[in-house]
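Each remark here refers to the structure printed beneath this line.
Each reported figure results from applying straightforward, stated rules to the coordinates on display, with no laboratory input. Computed from a predicted structure; not experimentally measured. Quick reminder, even Gly has a Cβ in these numbers, built from the backbone with ideal geometry, and neighbours come from all protein chains shown.
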Amino acid sequence: MKLQLALDRLTWDKCIEVLNQTHESIDIIEVGTGVIKEYGMAIVKEIRKRFPSHQIMADMKTCDAGGHEARQAFNAGADITTVMAFSSVLTIQDTMEVASEYEGRVMVDLLEVQNREKLEEISALNVDLVSLHVGKDRQKKGVFNTEMFKLVDGFPYEVAVAGGIDKNTVGQAASGNPNIIIVGSAITKAENYAQAAETIRRTMKG
Ligand SMILES: O=C([C@H](O)CO)[C@H](O)[C@H](O)COP(=O)(O)O
């Protein structure tokens with residue numbers, strides 16, 4: 001089970017500061033959508049340069065122009081890019097094709113998806129990695145909970161989970177045995193980033 005740190009709503013310097021203090025506790029660095037909107041692919045390139053042995057996910061949250069956006073992410077040094085499950089199948093297909101050209105991966109973000117038909121539809125596109133995700137705004141009504149695993153039950157996907165997970169809830173999230181646990185604010189808003197990341201990592205490993 002891997003720990004992915006999501007860098008969201010942070011300045012360039014703060015992203016680097018948080019990573020300098022947490023890199024030993026995390027497996028995957030997520031360059032968040034808002035950070036990419038602020039600084040473009042330059043920040044993905046910078047993080048690639050500074051952390052050459054970490055996996056990097058560019059959270060592009062692509063919903064159209066899949067091929068183009070995937071190319072942007074992989075050219076900048078990302079290993080994984082994201083595409084929204086509600087996008088056209090053609091967008092997901094184009095994203096997948098470019099990923100295979102770069103030997104990269106695609107995480108399909110299931111934000112707001114509630115029906116398993118969508119899961120059937122994307123499995124025909126060779127998608128192998130999805131995220132069960134409670135979005136930032138939706139978190140006002142509740143964070144990630146284990147009921148959400150039902151959506152992917154029986155499908156062969158690798159699964160990531162995200163949405164307000166912290167040191168108190170990471171054990172519960174880990175109980176569903178996801179492949180990746182994504183944590184953002186619980187680390188980036190902590191007083192001591194290193195300690196917060198290490199506590200979460202130790203708790204999820206049981
Ligand atoms: O993708 C994310 C979300 O849409 C924020 O823009 C986050 O990376 C994900 O939700 C994890 O962050 P936290 O919810 O702060 O743990």
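For labels at ALA42 and HIS68 in the simple 7 Å Cα→Cβ model, what's the distance in nm?
That separation, rounded to one decimal, is 2.1 nm.
Taking the Cβ-Cβ separation of ASN20 and GLU158 as r and a Förster radius of 41 Å, what is the calculated FRET efficiency to the nearest 0.05? Display every interim value, and only then the final one.
Details: r = 29 Å, r/R0 = 0.70.
Once rounded, the FRET efficiency stands at 0.90.
With charges set only on the Cβ (+1 for Lys and Arg, -1 for Asp and Glu), what does the dipole of the chain come to about its Cα centre, in debye to the nearest 20?
Dipole of the chain, to the nearest 20 debye: 640 debye.
In percent, what relative contact order does the chain have, based on Cα pairs under 8 Å that are 6 or more apart in sequence?
Values: 389 pairs, mean separation 41.4, N = 206.
Answer for the chain is 20 percent.
If you plug each phi of the stretch 168-173 into the Karplus form 6.51 cos²θ - 1.76 cosθ + 1.60 with θ = phi - 60°, what whole-Hz ³J(HN,Hα) values come out, in order, with x for Gly and Pro?
Couplings: 7, 10, 5, x, 5, 4 Hz.
Using alpha-carbon positions, what is the distance between the centroids of the stretch 47-86 and the stretch 1-45, in Å?
Between the Cα centres of the stretch 47-86 and the stretch 1-45 lies a distance of 12 Å.
Give, in nm to one decimal, the length gained when the segment between LYS205 and LYS2 is fully stretched (0.36 nm per residue of separation minus the Cα-Cα distance). All intermediate terms of the calculation are to be shown ahead of the outcome.
Working: separation 203, 0.36 × 203 = 73.08 nm, distance 0.92 nm.
Here the answer is 72.2 nm.
Can you work out the FRET efficiency for the pair ASN168 and SER123, with r the C-beta to C-beta distance and R0 = 25 Å, to the nearest 0.05?
The computed FRET efficiency comes out at 0.15.
So, R0 is 22 Å and r is the distance between the beta-carbons of SER175 and ASP137; what FRET efficiency does that work out to, to 0.05?
Step by step, r from the Cβ atoms, then E = 0.25.
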